[in-house]
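Working notes for the structure below.
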Amino acid sequence: MKVEIDREEDGRWLAEVPDLSGVMAYGTTRHDAIARAEALALRVIADRIDHGEAIPELDDLFAVPA
């Protein structure tokens, strides 16, 4: 999944995963913002799986033999 990065005027970094609504995180460094956004994305994905929601981005990640 693509992570978009932007730097705010106050110096903070903002990382967002556009494919997952609401997944965005601030960090004091570029690396920190990316790491926080990636961790949040994984939590959102896990929550959606727990609730039985389809996640098209993961269709090719797992293979279950018939």
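Just so you know, all these numbers are worked out from the coordinates, no wet-lab data involved. Quantities reported herein were computed from a predicted structural model and do not represent experimental measurements. When we count neighbours, we look across all protein chains shown, and the Cβ atoms used for this are built from the backbone with ideal geometry, even at glycine.
Laid out as a table, the results:
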{"quantity": "Residue that is surrounded by the fewest Cβ atoms within 10 Å (Cβ to Cβ), among those in segment 1-19 that are within 21 Å of ASP60 (Cβ to Cβ) and out of contact with any Lys or Arg (no Cβ under 9 Å at 6 or more places or on another chain)", "calculated": "LYS2"}
{"quantity": "Criterion: outside any helix (DSSP H, G or I) and either over 9 Å from the mean Cα position of the chain (by Cα) or surrounded by 13 or more Cβ atoms within 10 Å (Cβ to Cβ) (or both) - qualifying residue of ALA63, ALA46", "calculated": "ALA63"}
{"quantity": "Candidate set: segment 20-38, residues that are of a type outside the set (Val, Ile, Thr) and surrounded by fewer than 11 Cβ atoms within 10 Å (Cβ to Cβ); chosen: the one farthest from PRO56 (Cα to Cα)", "calculated": "GLY22"}
{"quantity": "Matching residues, segment 20-66, being under 17 Å from GLU8 (Cβ atoms) and of a type in the set (Lys, Arg)", "calculated": "ARG30, ARG36"}
{"quantity": "Residues that are without any contact (Cβ under 8 Å) to a residue 40 or more places away in the chain, part of a helix (DSSP H, G or I) and under 27 Å from ALA54 (Cα atoms), drawn from segment 21-41", "calculated": "ALA33, ILE34, ALA35, ARG36, ALA37, GLU38, ALA39, LEU40"}
